[in-house]
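*Asks:* Submitted below is the structure of interest, expressed as structure tokens.
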Amino acid sequence: MNTTTKPFHRVVIAGGGTAGWMMAALMSKLLGKQLDIKLVESEEIGTVGVGEATIPALHTFHNLLGINEAEFMAATNATFKLGINFEGWKNIAQDYFHSFGSTGNDHWSAGFQHFWLKGRAEGLAKTYTDYNPETVAAFANRFAHLPRGGLNYAYHMDAGRYAKFLRAMSEGYGVKRVEGKIAAVLQDGPEGKDGDITALVMQDGSRIDGDLFIDCTGFRSLLLGETLGVGYEDWSYWLPCDRAVAVQTAAVREAWPYTRSICHPFGWQWRIPLQHRVGNGLVYSSKELSDADAPDVLKRNVEGELLIQPRVIKFLPGQRNKVWHRNCVAVGLASGFVEPLESTSIHLIQRAAIRLMQTFPQGGINQADVDEFNLQSKRELEHIRDFIVLHYTVNERTDSALWKHVREMDLPATLQHRIDLFRETGRVFRTSDELFAENSWVQVMMGQGITPKRYHPVADLMGKQELSTFLGDIHLKVSRTVAGLPQHQAYVEQLCAPYRNATVAQLAAVPLRA
Ligand SMILES: Cc1cc2nc3c(=O)[nH]c(=O)nc-3n(C[C@H](O)[C@H](O)[C@H](O)COP(=O)(O)OP(=O)(O)OC[C@H]3O[C@@H](n4cnc5c(N)ncnc54)[C@H](O)[C@@H]3O)c2cc1C
């Protein structure tokens, strides 16, 4: 397709899940005065209803929208999240924590792991995570905002309430919501095919015309996939889990400030504590567990009264060959999906929304923008895929064919290189646009059982006494910091108390922050 120079004014967002409303909120805040933005959603079809754990980058999105943290947390019953506890992932008996913060003190030439490896070889070092304030705070069930990013954190939140919160904000910025089912998608090519999308036809016969269409219709990808026929790259060889079953339960204990990821022979299980309830689910391979049995297995592995009935969700891990084609951009589940092991999907929506604002068409679609958008999106998801596959492939589990397959499979070359480099040298390098930094790779690689063969020679410049003092000081500082923190739940309650009686719409009201 060549660059087009049509006037550009009407944007139609198809779908009102987390993706649709995140996109609507950012676009309307930035360009709402210039554009006519409509969002179409169907209450009858509903949303995927999961997606409640986030990563710290969400702060960037909220800052762009001017969201007040306490208002957001009250509106979505959110809690703080300091990382993820991986239970039984290396083998049945061993857990590890992937925290959002950095561990110990790095030297410019070498990460902290090199000093820790030497300390461990000399019998001086405690467990690696004892040098990480987020991990120690998480297990002590404590949290507070600390100066200078002292604790790096994200949130657990109610996805349904988050969509309502963003909807109220978007409507405040002028987005028009259309309720109903999309029955047909019209194109302007010969015989109404093979061209740009021109309109959505609703089940009641009404028509919504647009210049740019954002496909947020979930796994079905009604616009980009079904209508424009953009294909899908299947990653199920590396990520064999293809199902999830989810349920909400009443809280039976105080909310803890981390996500639990519990490994099973058939896959894994999440527990996400909110202020008022817990989100639970299994992610599994349909070769190891049947859809008929999965709900019962989940019920046996949760605590507290069930608030809804378990629901099975089918998915195919992978990505669309292009996420922007013609005048249609797919965002959210419509653009691709890797399982929620590191809570990355909402982050990808945020990245797509920001990227689209940065490459927004100027009076027509520019093919160079489209190509750049597609390239960046592809690289981003492949990087995340590698990180997720790492959790699977380095394992010592012997309790199912799934774990044997992922241990023995051929890896993407990019991931194989990272593993080899770390195993041989203890080093991790990150290119500037990658989501996961050295600290994340080190925690997961060591947690899953890779011990580097060597450490950087700079660590040998420290004598035994000096190294002991260096490690001891970091540990003391971490312990003292955490000992001074309040309990997580009490802190959340205090933060949200002023907003307890406000509705979601009041908390999202645009005039408060416009
Ligand atoms: C099991 C599981 C767990 C997950 N956990 C996490 C997590 O912890 N963290 C994270 O970041 N992400 C997670 N995700 C991903 C996250 O749920 C999604 O990225 C997020 O909810 C966005 O979904 P969506 O808006 O793209 O799709 P959906 O929520 O499916 O929304 C689709 C929208 O399109 C509308 N629609 C569809 N067809 C039509 C039609 N014909 N007419 C009108 N409207 C239509 C629907 O009504 C709905 O409004 C998880 C995903 C799964 C499957």
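*Asks:* Excluding ligands and nucleic acids, what accessible area in Å² is computed for R311 using a 1.4 Å probe, to the nearest 10?
*Replies:* 100
*Asks:* Here is a further query. Provide Rg over Rh for region 28-89; use the alpha carbon set for both Rg and the Kirkwood Rh (inverse mean inverse pair distance).
*Replies:* On the way: Rg = 16.2 Å, Rh = 15.2 Å.
The Rg/Rh ratio comes out at 1.06.
*Asks:* Note down the net charge around K299, summing +1 for each Lys or Arg and -1 for each Asp or Glu among other residues with Cβ under 13 Å from its Cβ.
*Replies:* Result for the local shell: -2.
*Asks:* With every protein chain left in place, what is the accessible area per residue of region 436-514 in square angstrom, probe 1.4 Å? Show your work: numbers first, answer last.
*Replies:* Details: 4200 Å² over 79 residues.
Ligands and nucleic acids excluded, the result is 53 Å² per residue.
*Asks:* Considering the options Q269, Y284, T249, tell which one lies farthest towards the positive end of the dipole of region 239-303, charges being +1 on Lys and Arg and -1 on Asp and Glu at the Cβ, about the Cα centre.
*Replies:* It is T249, whose Cα lies furthest towards the positive end.
*Asks:* Of the DSSP beta bridges with both residues in the chain, give the percent that are antiparallel, rounding to the nearest 5. Write down the numbers at each step before the final one.
*Replies:* Values: 52 of 72 bridges.
Around 70 percent antiparallel, to the nearest 5.
*Asks:* Measure off, as a whole percent, the carbon and sulfur share of the 1.4 Å-probe accessible area of region 158-315, all protein chains present.
*Replies:* After summing per-atom areas, the C and S share lands at 47 percent.
*Asks:* Same structure, new question: Kirkwood Rh, region 181-243, all Cα pairs: how many Å?
*Replies:* It is 13.3 Å.
*Asks:* So how far apart, in nm, are the two label points at R423 and D106 if each is 7 Å from Cα heading toward Cβ?
*Replies:* Going by the 7 Å Cα→Cβ label model, 2.4 nm.
*Asks:* From the Cα trace of region 124-276, what convex hull volume per residue do you get, rounded to a whole Å³?
*Replies:* Residue-normalised Cα hull volume stands at 247 Å³.
*Asks:* So what J values fall out for region 60-76 if you push phi through Karplus, 6.51 cos²θ - 1.76 cosθ + 1.60 with θ = phi - 60°, rounded to Hz, Gly and Pro as x?
*Replies:* In residue order, the calculated couplings are 4, 4, 5, 5, 4, 8, x, 7, 7, 4, 5, 5, 4, 5, 5, 5, 10 Hz.
*Asks:* Could you tally the net charge around E87, taking each other residue with its Cβ under 13 Å from the Cβ of E87, Lys/Arg +1 and Asp/Glu -1? Kindly include the intermediate steps, with their values, before the conclusion.
*Replies:* Working: positive: K90, R260, R271, R397; negative: D95.
After counting each charged neighbour, the total is +3.
*Asks:* Continuing with this model, one more query. So, for region 191-292, what is the accessible surface per residue at a probe of 1.4 Å, expressed in square angstrom?
*Replies:* Per-residue accessible area for region 191-292 comes out at 36 Å².
*Asks:* Amide H neighbours of Y232 under 5 Å, counting only residues 5+ apart in sequence or on other chains, H built in-plane at 1.01 Å?
*Replies:* N321
*Asks:* Per the Kirkwood treatment, what hydrodynamic radius in Å, one decimal, follows for region 420-514 from the mean inverse distance over all distinct Cα pairs?
*Replies:* In region 420-514 this quantity evaluates to 18.5 Å.
*Asks:* Still on this structure, I have one more. Using 0.36 nm per residue, how much length does the chain from D433 to A502 gain when fully extended, once their Cα-Cα distance is taken away?
*Replies:* Gain in length upon complete extension: 20.9 nm.
*Asks:* Counting only protein heavy atoms, what percent of the accessible surface of region 1-116 is carbon or sulfur at a 1.4 Å probe?
*Replies:* Answer for region 1-116: carbon and sulfur cover 50 percent of the accessible area.
*Asks:* Moving to a separate point now. Taking one equal scatterer on every alpha-carbon of region 131-199, how large is log10 of I(q)/I(0) by Debye at q = 0.17, 0.26 1/Å?
*Replies:* For region 131-199 at q = 0.17, 0.26 Å⁻¹, log10 I(q)/I(0) is -0.85, -1.07.
*Asks:* How big is D, in µm² s⁻¹, for region 46-163 by Stokes-Einstein at 4 °C and 1.567 mPa s if Rh is the Kirkwood radius over C-alpha pairs?
*Replies:* Taking Rh from Cα pairs, D becomes 79 µm²/s.
*Asks:* Identify the trypsin sites (Lys or Arg not before Pro) of region 1-106 meeting these criteria: DSSP loop state and at most 14 other C-beta atoms within 10 Å of the C-beta.
*Replies:* Passing both the DSSP loop test and the Cβ count: K33.
*Asks:* Tell me, in nm to one decimal, what length is gained between S290 and R407 on full extension, where the rule is 0.36 nm per residue of separation less the Cα-Cα distance?
*Replies:* Stretched out fully, the S290 to R407 stretch lengthens by 39.9 nm.
*Asks:* Helix 345-358: angle to the longest alpha-carbon principal axis of the chain, degrees 0 to 90, nearest 10?
*Replies:* Taking the Cα atoms of the chain, the angle to 345-358 is about 60 degrees.
*Asks:* Ratio to report: Rg/Rh of region 398-453, with Cα atoms as the point set and Rh obtained by the Kirkwood method; give two decimals.
*Replies:* Here the Rg-to-Rh quotient is 1.01.
*Asks:* How far apart, in nm, are the 7 Å Cα→Cβ label points at Q494 and Q416?
*Replies:* 5.4
*Asks:* Carbon-plus-sulfur fraction of the accessible area of region 406-471, 1.4 Å probe, in percent? Can you show the working numbers first?
*Replies:* Values: 1780 of 3400 Å².
In region 406-471, the share of accessible area belonging to carbon and sulfur is 52 percent.
*Asks:* Could you state the accessible area per residue of region 61-144 in Å², with a 1.4 Å probe and every protein chain left in place?
*Replies:* 33
*Asks:* Suppose the Debye formula is applied to equal point scatterers at every Cα of region 348-387; what is log10 I(q)/I(0) at q = 0.24, 0.32 Å⁻¹?
*Replies:* The calculated log intensity ratios at q = 0.24, 0.32 Å⁻¹ are -0.79, -1.09.
*Asks:* Over all directions, the average projected area of the alpha-carbon convex hull for the chain comes to how many nm²?
*Replies:* That works out to 24.8 nm², a quarter of the Cα hull's surface.
*Asks:* Additional query: Give me a comma-separated list of calculated 3J(HN,Hα) values for region 364-373, in order, Karplus coefficients 6.51, -1.76, 1.60 applied at θ = phi - 60°, integers in Hz, x for any Gly or Pro.
*Replies:* Per-residue couplings from phi come out as x, 7, 9, 4, 5, 5, 4, 5, 5, 4 Hz.
*Asks:* Still on this structure: Taking H placed 1.01 Å from N in the peptide plane, check which residues at least 5 places from Q187 or on another chain put their amide H under 5 Å from its amide H.
*Replies:* T198
*Asks:* So between L31 and A93, what do we pick up on full extension, going 0.36 nm a residue minus the alpha carbon distance?
*Replies:* Working: separation 62, 0.36 × 62 = 22.32 nm, distance 5.24 nm.
In short, 17.1 nm is gained.
*Asks:* Separate question: Measure out, as a whole number of angstrom, how far apart the alpha-carbon centroids of region 407-477 and region 19-57 sit.
*Replies:* Comparing the Cα centres of region 407-477 and region 19-57, I get a distance of 38 Å.
*Asks:* Once you list every other residue whose beta carbon is under 10 Å from the beta carbon of P317, what net charge do they have if Lys and Arg are +1 and Asp and Glu are -1?
*Replies:* On the way: positive: R385; negative: E233, D234, D242, E339.
Combined, the nearby Lys, Arg, Asp and Glu give -3.
*Asks:* Let me ask you something else. Restricting things to Cα coordinates, could you compute the convex hull volume per residue of region 296-437 in Å³?
*Replies:* Dividing the Cα hull volume of region 296-437 by its residue count gives 178 Å³.
The values are calculated or read from the model by the stated rules, or taken from the named source; none is laboratory data. Not measured: the values here are computed from a predicted model. Glycine also receives a Cβ, built like all others from the backbone with ideal geometry; neighbour counts cover every protein chain displayed. Keep in mind that these areas ignore ligands, DNA and RNA; they rest on the heavy atoms of the full protein, side chains included. Shrake-Rupley method; radii C 1.70, N 1.55, O 1.52, S 1.80 Å.
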